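Engineer: Following this message is one structure expressed as C-alpha cells.
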Amino acid sequence: MFYRFCKTIFLTAALAAIGYSSNISAQSVSGSIGNGTITRGTASRATVFLSLPGGLHVNSSRPGSEYAIPTSIRASAGGARIGAVSYPRGKNRKFEFSQDTINVYEGRTAFNFPVTVPENFKGSTVRVNVTIRYQACTNEVCYPPKSKQVTLTARVK
C-alpha cells in the first residue's frame with residue numbers, strides 16, 4: 001500500500017514537472033512589418049508579439065527591481081534603418097518571491113518600431129532580424145533568461 005502511495009505521488013510530481021516544463025518553453029514570438037509591403041523612402045511600423053501561456057509572465061522593459069532582468073528587443077536589417085523600440089507599459093504585480101511589486105508583461109504583448117527603406121534600396125524584399133530577450137516567471141519562481149529570434153519580411157515597392 002505504501003509503495004503504491006509513493007508511486008502515485010512520484011507520478012503526479014513528474015506529470016506536474018512536465019506540464020511546467022512545457023509551459024516554460026511555450027512562449028512564442030511573431031510579428032510583421034506594416035501590411036507586408038513597405039515603400040522606399042518611407043517608414044513603416046514593425047510589430048513583434050511575445051505570447052505567453054497562462055501562469056507565466058515576463059519582466060517588463062522597466063521591471064523596477066534591480067534583480068529582475070528586463071525584456072529587451074534588438075532589431076537589425078541590411079540596407080534599412082531601424083528606429084527606437086516602443087515598449088508598452090506593464091502591470092505592477094506582487095509575487096511571493098519579491099517584497100516589492102514588479103512591472104511585468106502577461107499574455108500577448110506587442111512591441112513596435114519603425115523600419116525605413118531608403119530610396120536607393122536594392123532588392124524587392126526587406127528582412128528584419130529581431131531578437132527578444134526576456135525572463136519568464138511563475139508566481140513562485142523565475143527561470144533563467146532566454147532569447148528568441150524571428151525574421152520579419154516585407155515586399156519593397
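Engineer: Order of 86-96, 44-54 by packing, highest average Cβ count within 10 Å first?
Structural biologist: Ranked by mean Cβ neighbours within 10 Å, highest first: 44-54, 86-96.
Engineer: Under 1.5 on a/c is rounded, so check that first for region 66-157, then, if it is not, pick prolate when a/b is larger than b/c and oblate when it is not; a ≥ b ≥ c are the square roots of the alpha carbon gyration tensor eigenvalues.
Structural biologist: Values: a/c = 3.56, a/b = 2.86, b/c = 1.25.
Judged from the Cα gyration tensor, region 66-157 comes out prolate (a/c at least 1.5, a/b above b/c).
Engineer: Amide H to amide H, which residues 5 or more places from residue 38 or on other chains are under 5 Å from it, using H placed in the peptide plane?
Structural biologist: HN-HN under 5 Å from residue 38: 155, 156, 157.
Engineer: Also, I was wondering about something else. For region 27-156, what does the relative contact order come out to in percent, with C-alpha contacts under 8 Å and a separation of six or more?
Structural biologist: After rounding, I find 34 percent.
Engineer: How much net charge surrounds residue 42 when only other residues with a Cβ under 12 Å from its Cβ are counted (Lys, Arg +1; Asp, Glu -1)?
Structural biologist: My count for the surroundings of residue 42 gives +3.
Engineer: Could you check the simple spin-label distance between residue 99 and residue 143, using points 7 Å along Cα→Cβ, in nm with one decimal?
Structural biologist: With each label placed 7 Å out from Cα toward Cβ, I get 2.9 nm.
Engineer: In region 27-156, what percentage of the DSSP-assigned beta bridges are antiparallel, given to the nearest 5?
Structural biologist: If we restrict to bridges inside region 27-156, about 95 percent are antiparallel.
Engineer: Distance between Cα centroids, region 84-121 to region 43-81: provide it in whole Å.
Structural biologist: Each part's Cα centre sits 5 Å from the other's.
Bear in mind that the values in this text are calculations on the coordinates, not laboratory data. Because the structure is predicted, anything quoted here is derived from the model rather than measured. Every residue, glycine as well, gets a Cβ built from its backbone with ideal geometry; the counts of neighbours run over all protein chains shown.
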